[in-house]
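Visitor: Take this structure first; my questions come after.
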Amino acid sequence: MQTHIISLLVEDHPGVLTRMSGMFTMRGINITSLTVSPCEKEGLSRMTVAIDGSEQELEQVRKQLSNLIEVVKVVDLKEDEAIVRDLCLMKVHVKDSNARSEVMQLAESYGAKIADAMLDSVILELTGEPKKIDRFVELMKHFGIKQLFRTGVTAIGRGVAGGIER
């Protein structure tokens, strides 16, 4: 099993997301991350879908997605050909000033921003590669994570060959 990132250019119509997710569900493929946003072309949206599966499953998914009428383009983004990012917001428990100081030092070393601070917790914001965020989340578990939110991956291909340009 390997994580694959699929970038889609789709028509911006009601029900497109439902049909997409239904296609994955019917094939028993779990979506580990899904982001959708408007793009530079009016009437179109970009979707970034992360799935865990084999190369064979990825190829099957790409063909099935290409057959959907609302899909303009499908690209499998290879890790070395794309910039992949995730955003994490997390509220971490800080029981005392020592814990607060340690959390803030770790946050700084990872490039996380302090979005807010209360007496008993700190809200941190970190944008980066998903694996970096995974490592940071593991570190913060030591202090106690009160809440954790991640946007899911979004990706853009490097150069013309790795992108989804119309």
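The values are calculated or read from the model by the stated rules, or taken from the named source; none is laboratory data. Because the structure is a prediction, the values reported are computed rather than measured. Here Cβ is always computed from backbone atoms with ideal geometry, including for glycine, and neighbour counts include all displayed protein chains.
Visitor: Where residues in the stretch 26-40 are surrounded by fewer than 15 Cβ atoms within 10 Å (Cβ to Cβ) and over 19 Å from residue 59 (Cβ atoms), which of them is nearest to the chain's Cα centre (by Cα)?
Guide: Among them, the one singled out is 37.
Visitor: On to the next question. Without any contact (Cβ under 8 Å) to a residue 60 or more places away in the chain, surrounded by 16 or more Cβ atoms within 10 Å (Cβ to Cβ) and under 16 Å from residue 155 (Cα atoms): does that describe residue 90?
Guide: no
Residue-wise test of (1) among the polar types (S, T, N, Q); (2) touching a helix residue (DSSP H, G or I) at 6+ places or on another chain (Cβ under 7 Å).
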{"residue": "64", "(1), (2)": "yes, yes"}
{"residue": "69", "(1), (2)": "no, no"}
{"residue": "72", "(1), (2)": "no, no"}
{"residue": "75", "(1), (2)": "no, no"}
{"residue": "78", "(1), (2)": "no, no"}
{"residue": "81", "(1), (2)": "no, no"}
{"residue": "87", "(1), (2)": "no, no"}
{"residue": "92", "(1), (2)": "no, yes"}
{"residue": "99", "(1), (2)": "no, no"}
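Visitor: Hey, could you check the stretch 127-147 for residues that are farther than 23 Å from residue 96 by Cα and of a type outside the set (Asp, Glu) and say which is surrounded by the most Cβ atoms within 10 Å (Cβ to Cβ)?
Guide: In this case the residue turns out to be 133.
Visitor: Something else: Just to be sure I understand the filter: pairs with C-beta atoms under 9 Å, separated by 6 or more residues or on different chains, first member in the stretch 96-118 and of a type in the set (Lys, Arg), second member part of a helix (DSSP H, G or I). Which pairs pass?
Guide: Here the result reads 113/107, each pair linking the stretch 96-118 to a residue that is part of a helix (DSSP H, G or I).
Visitor: Identify, please: which residue in the stretch 2-25 is over 17 Å from residue 85 (Cα atoms) and in contact with a helix residue (DSSP H, G or I) (Cβ under 9 Å, 6 or more places away or on another chain) and is, among those, surrounded by the fewest Cβ atoms within 10 Å (Cβ to Cβ)?
Guide: So, considering only residues that are over 17 Å from residue 85 (Cα atoms) and in contact with a helix residue (DSSP H, G or I) (Cβ under 9 Å, 6 or more places away or on another chain), the one surrounded by the fewest Cβ atoms within 10 Å (Cβ to Cβ) is 2.
Visitor: Just give me the residues in the stretch 49-68 being touching a Lys or Arg at 6+ places or on another chain (Cβ under 9 Å) and either surrounded by fewer than 13 Cβ atoms within 10 Å (Cβ to Cβ) or in a helix (DSSP H, G or I) (or both), in sequence order.
Guide: Within the stretch 49-68, 57, 60, 61, 64, 66 meet the criteria.
Visitor: Could I ask something else about it? When residues of the stretch 55-78 are filtered for being without any contact (Cβ under 8 Å) to a residue 60 or more places away in the chain and not basic (Lys, Arg), how many remain?
Guide: 13
Visitor: Going by the structure shown, is residue 84 in contact with a Pro (Cβ under 8 Å, 6 or more places away or on another chain) and either at pLDDT 95 or above or surrounded by 13 or more Cβ atoms within 10 Å (Cβ to Cβ) (or both)?
Guide: So residue 84 fits the description; yes.
Visitor: Could you run through the stretch 88-138 and say how many residues are among the β-branched types (Val, Ile, Thr) and outside any helix (DSSP H, G or I)?
Guide: 6
Residues are listed down the side, and each one gets a yes or a no for (1) among the β-branched types (Val, Ile, Thr); (2) at pLDDT 95 or above; (3) in contact with a Gly (Cβ under 8 Å, 6 or more places away or on another chain); (4) not assigned by TED's automatic domain parsing to the domain that holds residue 13:
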position: 71; (1), (2), (3), (4): yes, no, no, no
position: 93; (1), (2), (3), (4): no, yes, yes, yes
position: 113; (1), (2), (3), (4): no, yes, no, yes
position: 147; (1), (2), (3), (4): no, yes, no, yes
